[in-house]
Amino acid sequence: MALSWRSWIANEGGKHIILVVWLGANTWLFWRTFILYYSSPQYYYLHKMLGLGLCISRASASVLNLNSSLVLLPMCRSMLTCLRGSHKLMSRKGRRLMDKSKTFHMACGIAICVFSVVHVSAHLVNALSFSVRYSEEFPSLNVARHRGEDPRIIILTTVPGVTGVLMVLILFLMFTASSYCIRVSNYEIFWYTHNLFIVFYVVLLVHAIGGALKYQTNVDTHPPGCFRPNRTDSKTGSSAHPEQEPVLGGSELPVGGDGFNSICKEEARFQAHFPETWLWVSGPLCLYCAERLYRYVRSSTPVTIVSVVSHPCNVIEVRMVKNSFKARPGQYIVLNCPSVSSLEGHPFTLTACPTERKATFGIHLRVVGDWTERFTELLLPDPSMDSEILPIVNQRRYPKLYIDGPFGSPSEEVFNYEVSLCVAGGIGVTPFASVLNALLDEWQRYKLRRIYFIWVCRELQSFYWFADLLCALHQKLWQDNRPDYFNIQLYLSNAEGLQNMSGERYRALSSRLLIGRPRWKLLFEEIGKANKHKRVGVFCCGPKGISKTLHKLCNSNHFFGTTFEYNKESFS
């Protein structure tokens, strides 16, 4: 598959521009801070004591400040959802860039970890330098209490040292628990360790006020290296003269043009900087705290569970209702059940959204892992019970359930293309279920004029999750004389056993059920031929293998001049 630059720019151009800007900002900030501490007169004596360790530690700290502020922004889900819903403020390209918020969050997190290693290494060298190069001449510049003090004592008895050790431990836990294998095998470990970021930011703000590194405040009256006639060398008893060495970086001294040829008017004075970390982090941190408060208030009222249905292949459908709850097709919510875990919340896509005619909304969840197993046991204590749909007045007591959201996702964009291709793998069909439900209610109101729906499952029974919905939409569009609007292809990847859907009402699906896997390139060619010179939105929620194949095809040569814009479902 040959790469098409036009397709690549449509799919990858925006995120690579953001990447270049982000890398440029980090590089510029590192270099600017490095040069500042290397050549500025106010850091002359400190640099003379610490050397390159000072420059590297401060330059890496600037990069850490930038990324510690940026990493919070993708976590403001409600703000991103609001921006995504405002088509006047955000173009489709801008909304598609928001789909990369999780990737940007991970990039900032990796940068924090990498530059933390650099920062810590430089400060370990600084601690050794403070001990070995203890300054008798400028006592206030020292962090060590005496020459030769053990650097470990310096680290463990100062505020920056203790808080630095704590932050290293927290980052180590967060980084290791964020690995794919831990997130898949034990999501709870990832969830709890990742929430240590609250402790991390508190310790970071304390770390910033330590004031270990100081700058000279009176460069005008005490140029670095100036002659001090009243000072005598304690060893020789003779008048001391300055060492004749150039000022680092060739910086111009304010008095006499050369500090070594001028006389000091007063003793050098030093003081710690105002903590710059506060300036970097306070804005995003306040924004995130405000959002968390808003989300807490919004999610403080429990939902009412209307019905619970057990579907084939360990899938549970939960229908709920909540006053003033509104959502758009394609969005997702975060479920919290205190009876299972008081703190944990898990994201689930809405498969049915509330409308003007019905207030209920629902989710489908697959029972995999400890949390879903315990949650299912509370909803359906009797394993033989396939469903329970009772009038609310006669309803038995379900566990308390709270929801946070709704939050935006790429699937919302399905309606904003004239032609959309939706590809689902197994339970990955859930983002598209709410889309199909919305089309069933009123397909004419949307810009969408044709939708291709591809669903790949291993087990035939999985298709029954939404078989009624697919048949109802297919029949409605035939009645409205738009049979070409909805194109269904169902693929059964496991060829063993029963190969057809039973029942007269599923005849429309049986005729569209194919054995094996889709021939993706042929499919793209057919779609391109039927929609020449158009933009087709490609949406995928399924295994990585399918996602990578679709991504490559979207970036490959045009099929009959058709541009395929790739959108991948990803919870943030």
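Sequentially through region 531-542, phi angles give Karplus couplings (6.51, -1.76, 1.60; θ = phi - 60°) of 9, 4, 6, 10, 9, 10, x, 9, 10, 9, 9, x Hz, Gly and Pro residues having no value and appearing as x. The candidate values are (i) 24.4, 81; (ii) 27.2, 109; (iii) 31.3, 110; the one derived from this structure for Rg and Dmax of the Cα atoms in Å carries the label (iii).
List the relative contact order of the chain as a percent without decimals, with contacts defined as Cα pairs under 8 Å and 6+ residues apart.
Details: 915 pairs, mean separation 81.0, N = 572.
Answer for the chain is 14 percent.
Helix 159-177 and the long axis of the chain differ in direction by around 20°, with both axes built from C-alpha atoms.
Rounded, prolate or oblate: which fits region 418-557, taking a ≥ b ≥ c as square roots of the Cα gyration tensor eigenvalues, rounded meaning a/c under 1.5, else prolate when a/b beats b/c? Provide the component values of the computation, followed by the final result.
On the way: a/c = 1.67, a/b = 1.06, b/c = 1.58.
Oblate shape, in that a/c is at least 1.5 and b/c is the bigger or equal ratio.
Summarising the amide proton neighbourhood of G330: residues at separation of 5 or more, or on other chains, whose placed amide H is nearer than 5 Å comprise S434, V435.
Annotation: lysines with alpha-carbon distance below 21 angstrom to K322 (same-chain offsets under eight excluded): K358, K400. In the context of the full protein assembly, C181 retains an accessible surface of approximately 90 Å², using a probe radius of 1.4 Å and ignoring ligands and nucleic acids. In the chain, the longest principal axis of the Cα atoms and the axis of helix 14-39 are about 10 degrees apart.
Carbon and sulfur: what percent of the chain's accessible surface (1.4 Å probe)?
Details: 16920 of 28470 Å².
Using a 1.4 Å probe with all protein chains present, the chain comes out at 59 percent carbon and sulfur.
Taking 0.36 nm per residue of separation and subtracting the Cα-Cα distance, full extension of the segment from W520 to C181 would add 119.1 nm. Taking label points 7 Å from Cα along the Cα-to-Cβ direction, I153 and K476 give a separation of 7.8 nm. Residue ranking by accessible heavy-atom surface, 1.4 Å probe, largest first, among S78, S300 comes out as S300, S78. A cut-off of 5 Å between modelled amide H atoms, ignoring neighbours fewer than 5 places along the same chain, links F564 with V536.
Rolling a 1.4 Å probe across all protein chains gives H474 an accessible area of roughly 30 Å².
Which value at 222 nm does the chain reach when only helices count, each DSSP H run of 4 or more adding -39,500 (n - 2.57), with the total divided by all residues and rounded to the nearest 500 deg cm²/dmol?
Numbers: 19 runs with 240 residues, N = 572.
Value at 222 nm, helices only: -13000 deg cm²/dmol.
Using θ = phi - 60° in the Karplus curve 6.51 cos²θ - 1.76 cosθ + 1.60, the 3J(HN,Hα) couplings for region 428-445 round to x, 6, 4, x, 8, 5, 5, 5, 5, 4, 5, 5, 5, 6, 6, 6, 5, 6 Hz; x is entered for Gly and Pro.
The alpha-carbon of K568 sits under 19 angstrom from the alpha-carbons of these lysines, leaving out residues fewer than 8 places away in its chain: K15, K93, K100, K102, K521, K544, K548, K552.
Of the residues I263, I427, the one with the largest accessible area comes first in the ranking I263, I427, computed with a 1.4 Å probe on protein heavy atoms. For region 523-530, putting each phi into the Karplus relation 6.51 cos²θ - 1.76 cosθ + 1.60 with θ = phi - 60° gives couplings of 4, 5, 5, 5, 5, x, 5, 7 Hz, in residue order, rounded to whole numbers and with x for Gly and Pro. One Cα centroid belongs to region 341-367, the other to region 1-36; the line between them spans 37 Å. Computing FRET efficiency as 1/(1 + (r/R0)^6) for N494 and R445, where r is the C-beta to C-beta distance and R0 is 60 Å, gives about 0.95. Amide H contacts of R269 (H built 1.01 Å from N, in plane; Pro and chain starts excluded): T217, N218 sit under 5 Å, all sequence-distant by 5 or more or on other chains. Can you tell me the 0 to 90 degree angle between the C-alpha axis of helix 544-554 and the longest principal axis of the chain, rounded to 10? In the chain, helix 544-554 runs at an angle near 90 degrees to the longest axis. Think of each Lys and Arg Cβ as +1 and each Asp and Glu Cβ as -1; about the Cα centre, that makes the dipole of the chain roughly 1620 debye.
List the relative contact order of region 406-548 as a percent without decimals, with contacts defined as Cα pairs under 8 Å and 6+ residues apart.
Working: 199 pairs, mean separation 48.4, N = 143.
Relative contact order here is 34 percent.
Of the residues M167, A144, S179, the one whose Cα sits farthest towards the positive end of the charge dipole of region 71-201 is S179 (charges of +1 on Lys and Arg Cβ, -1 on Asp and Glu Cβ, taken about the Cα centre). Solvent exposure of region 44-140 amounts to 42 Å² per residue of accessible area, where only protein heavy atoms count and the probe is 1.4 Å.
The values are calculated or read from the model by the stated rules, or taken from the named source; none is laboratory data. These figures come from a predicted structure and were not determined experimentally. Note: ideal-geometry Cβ built from the backbone for every residue, glycine included; neighbour counts use all protein chains shown. The protein model used for the area step is the full one, side chains on, heavy atoms only, and it has no ligands, DNA or RNA in it. Shrake-Rupley method; radii C 1.70, N 1.55, O 1.52, S 1.80 Å.
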